[in-house]
Every structure is written in C-alpha cells, then in structure tokens.
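Take a look at the structure set out below.
The values are calculated or read from the model by the stated rules, or taken from the named source; none is laboratory data. All values reported here derive from a predicted model rather than from experimental measurement. As a convention, Cβ positions derive from the backbone with ideal geometry for all residues, glycine included, and neighbour counts pool all protein chains shown.
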C-alpha cells in the first residue's frame, strides 16, 4: 500500500529541492524526519510538512478505512521534485537595457510505502520451479595488433 502527498507551486527551484529529497529517499519515516529537522536548507521545513501530511494520510487510512498499516514500518519510497511554471522577470541593466531572468517553481511529490510487504514481487505457482537465467555469452578479447616490420633503408 502506498500513501502519497503532494505540494504544488512551491517557490523553490526543483534542483534545490532535489538536494534535500535525495537525503531522505529510501529512509524510514522517523529517520527522514530527523534528517529534515537538522538540514539547513530553506526547503527542508516544507518537505517536513509534506512528509507529515503523507504520514497523516497513512494514519487516516489505518484508522478510518480499516486498512492494516504498521506506521513504524513506513519508508520514503519515492520523492520527486518536478518543474512548475516559470515566472519571467526583468532586472534593470546598464545603459537603459534590461536582463531577463526566471523564477523557478516546483511541484513536489512524496510517496510512503510499508516495508516487509512484497506486493511488487512476482510469485511462482505451486510446484513450478523458476527457470534459470540464461548464461551470458563469453566475449573474446580483441586480437592484438601485430607490430610493423622494420623497413630496410635503400643504399
């Protein structure tokens, strides 16, 4: 079971958000919360709120919908920062000119999943053995080049 939360139109560059998201990918929720609490990036509190929202979504489904979820086994399965629309701005430049620049906006998506559940694994039928993987073909080493013979000088 996956639990997701998403924030859209966050006024931070997706590249800067990915730096923080890479710190928490694959970690347990408690470890991710501790990491975000001590990360000195401006986007870290926003991602912390998003993580809390995904955790609340999991908690809601566990209590209200009757789905069996072990909150302690949750981990960050996927954390993605995508581009949002860019705001075009103009900065005054010397001699009456203007420089254009862009303010970047990001959409951040966080997905939590429960460890120990093997929903992704494909199970074989009872009494059926798994086929062995085909052996890789052996590669031959490239042939060494022959050294050119000495030329005799004409005298």
State yes or no: is residue 74 more than 20 Å from residue 116 (Cα to Cα) and surrounded by 18 or more Cβ atoms within 10 Å (Cβ to Cβ)? no
Given the options 47, 67, name the one that is modelled with pLDDT of 95 or more and under 21 Å from residue 115 (Cβ atoms). 47
Taking only the stretch 93-110 into account, find how many residues are in contact with a strand residue (DSSP E or B) (Cβ under 6 Å, 6 or more places away or on another chain) and free of Cβ contacts under 8 Å to residues at least 12 places away in the same chain. 3
What is the one condition in (1) modelled with pLDDT under 95; (2) over 26 Å from residue 1 (Cα atoms) that residue 87 does not satisfy? (1)
Among (1) within 19 Å of the chain's Cα centre (by Cα); (2) surrounded by fewer than 14 Cβ atoms within 10 Å (Cβ to Cβ), which single condition is residue 87 missing? (1)
Condition broken by residue 78, with the remaining ones in (1) over 24 Å from residue 36 (Cα atoms); (2) modelled with pLDDT of 95 or more satisfied: (1)
Condition met for residue 39 (modelled with pLDDT of 95 or more and either farther than 25 Å from residue 114 by Cα or assigned to a loop (DSSP other than H, G, I, E, B) (or both)): yes
Considering residues that are under 30 Å from residue 68 (Cβ atoms), in contact (Cβ under 8 Å) with a residue 40 or more places away in the chain and surrounded by 14 or more Cβ atoms within 10 Å (Cβ to Cβ), the number found within the stretch 7-40 is 8
If a residue has to be in contact with a strand residue (DSSP E or B) (Cβ under 7 Å, 6 or more places away or on another chain) and either within 15 Å of residue 109 (Cα to Cα) or modelled with pLDDT under 95 (or both) to count, how many in the stretch 14-28 make the cut? 7
So which residues in the stretch 43-80 are touching a helix residue (DSSP H, G or I) at 6+ places or on another chain (Cβ under 8 Å) and part of a loop (DSSP other than H, G, I, E, B), if there are any at all? 43, 67, 68, 69
